[in-house]
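K.L.:
What follows is a structure written as structure tokens; I'll ask about it next.
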């Protein structure tokens with residue numbers, strides 16, 4: 001009989017790859033190191049799913065800003081993070097849908113106003129009348145706040161099954177792509193990023209600002 005104490009970790013299953021240890025230097029490097037440690041921490045995963053859920057209905061920050069460094073820090077978990085992020089986002093989309101259907105005047109309209117879509121309900125309704133599913137599929141992949149799509153979908157009483165299926169497709173495609181890219185190229189790029197952290201932080205800021213500007217222009 002095999003002694004239980006003699007069972008090695010290799011026999012009970014492959015051990016997870018230890019998280020990447022960030023080594024960037026300087027003030028920006030310290031910030032980068034902190035983000036990477038946070039992404040690999042025990043509370044990162046529930047925080048990611050919370051952000052993904054709330055972003056689909058009212059929270060302004062997209063979950064990609066957490067998903068990317070988490071897949072960078074723990075690349076072996078990329079599919080798990082992407083799957084959980086997708087499910088949380090779709091559940092949050094149902095909350096946004098309910099806000100649009102039952103609480104549009106009390107809550108939904110204020111959320112649209114906050115994101116600069118106040119007074120454009122007629123335009124959104126006209127767009128949904130001709131291309132409702134395509135609006136969800138396309139805008140779910142873009143920097144445009146997804147909550148705008150979910151709330152208007154509820155206000156337009158879109159078929160809930162088509163709504164859920166569309167959300168699963170578009171959010172799954174987005175999050176799995178982000179997660180795969182960062183788990184694929186993140187570990188290879190880590191030493192380069194850490195040596196040129198200032199340049200990469202500048203590039204990230206330009207991309208982020210450009211995405212926000214594009215979202216503001218696409219109404």
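The values are calculated or read from the model by the stated rules, or taken from the named source; none is laboratory data. Bear in mind that the values here come from a model prediction, so they are computed numbers and not experimental data. So basically every Cβ, Gly included, is an ideal-geometry build from the backbone, and we count neighbours across all protein chains shown.
K.L.:
Can you tell which of 126, 106 is at pLDDT 80 or above, out of contact with any helix residue (DSSP H, G or I) (no Cβ under 8 Å at 6 or more places or on another chain) and either surrounded by fewer than 17 Cβ atoms within 10 Å (Cβ to Cβ) or assigned to a helix (DSSP H, G or I) (or both)? Even if it seems obvious, please write down each step before you answer.
P.N.:
Values: 126 fails: at pLDDT 80 or above.
Being at pLDDT 80 or above, out of contact with any helix residue (DSSP H, G or I) (no Cβ under 8 Å at 6 or more places or on another chain) and either surrounded by fewer than 17 Cβ atoms within 10 Å (Cβ to Cβ) or assigned to a helix (DSSP H, G or I) (or both) holds for just one of 126, 106, which is 106.
K.L.:
Tell me whether segment 164-177 contains one or more residues that are closer than 17 Å to residue 127 by Cα, modelled with pLDDT under 90, over 15 Å from the mean Cα position of the chain (by Cα) and not in a loop (DSSP other than H, G, I, E, B).
P.N.:
Taking segment 164-177 first, the residues closer than 17 Å to residue 127 by Cα are 166.
Subset that is modelled with pLDDT under 90: none.
Checked segment 164-177: no residue is closer than 17 Å to residue 127 by Cα, modelled with pLDDT under 90, over 15 Å from the mean Cα position of the chain (by Cα) and not in a loop (DSSP other than H, G, I, E, B).
K.L.:
For segment 92-99, state whether one or more residues are in contact (Cβ under 8 Å) with a residue 60 or more places away in the chain and surrounded by fewer than 15 Cβ atoms within 10 Å (Cβ to Cβ). Spell out the reasoning first.
P.N.:
Residues of segment 92-99 in contact (Cβ under 8 Å) with a residue 60 or more places away in the chain: 93-94, 97.
Those left that are additionally surrounded by fewer than 15 Cβ atoms within 10 Å (Cβ to Cβ): none.
There is no residue in segment 92-99 that is in contact (Cβ under 8 Å) with a residue 60 or more places away in the chain and surrounded by fewer than 15 Cβ atoms within 10 Å (Cβ to Cβ).
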